[in-house]
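Worksheet: the structure to be examined is printed underneath.
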Amino acid sequence: MAQFESGVKYVPYSQERVFNKLSDLSNLESVREKLADKVQGMEFDRDSLSFTVQGINITLCIIEREPYKCIKFESGKSPLPMNLWIQILPVEAEQAKLKVTLRAEVNMFMKTMVSKPLQEGVDKLAEMLSMISY
């Protein structure tokens, strides 16, 4: 099991507001256009998100919501079994911080090939989440 963590990102919105938007994936319609050049076939509903990146189809499903603190995902369709979670913590009344963590089941040979792209993906996801208007 390999683990990849983003840096901590700050958002100028309350922890509750960030959680409420991210815990219902149908709220991500505004992100679709921003990701059009990197992600194809993005489809989502309240609990799942499907997309294609570099020809690889991925489906993530929310498996747990810990109110205002954490949203956990598990891969449904993915070449690598993985879990992803978004942690959200308060900083001030109208500021929160978030971090993205990904755990993927990769063997030692695969780890050398996928570590850099997975780390970059986690970092880019955290960066994108910090730029959303909540």
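Of Met110, Met42, Met82, the residue with the greatest mean-square motion in the GNM of the chain, using alpha carbon springs below 10 Å, is Met110. Counting beta carbons within 10 Å around each of Lys9, Lys116 and listing the fewest first gives the order Lys116, Lys9. Beyond 22 Å in Cα-Cα separation lie the following of the pairs Lys99/Lys124; Lys69/Lys116; Lys21/Lys69; Lys9/Lys116: Lys69/Lys116. Between rounded, prolate and oblate, where does the chain land on the alpha carbon gyration tensor, with a ≥ b ≥ c its root eigenvalues, rounded for a/c under 1.5, else prolate if a/b exceeds b/c? Note, shape of the chain comes out prolate.
Here is the list for the range 19-72: GluC sites (Glu not before Pro) lying in DSSP coil, each with at most 11 other C-beta atoms within 10 angstrom of its C-beta, are Glu33.
Which whole-number percent gives the relative contact order of the range 2-131, counting Cα pairs below 8 Å spaced six or more residues apart? It rounds to 32 percent for the range 2-131.
A short reminder: the numbers here are calculations on the coordinates, not readings from a lab. Since the model is a prediction, treat every value here as computed from it, not as a measurement. Cβ sites come from the backbone with ideal geometry, for glycine too, and all protein chains shown count toward neighbours.
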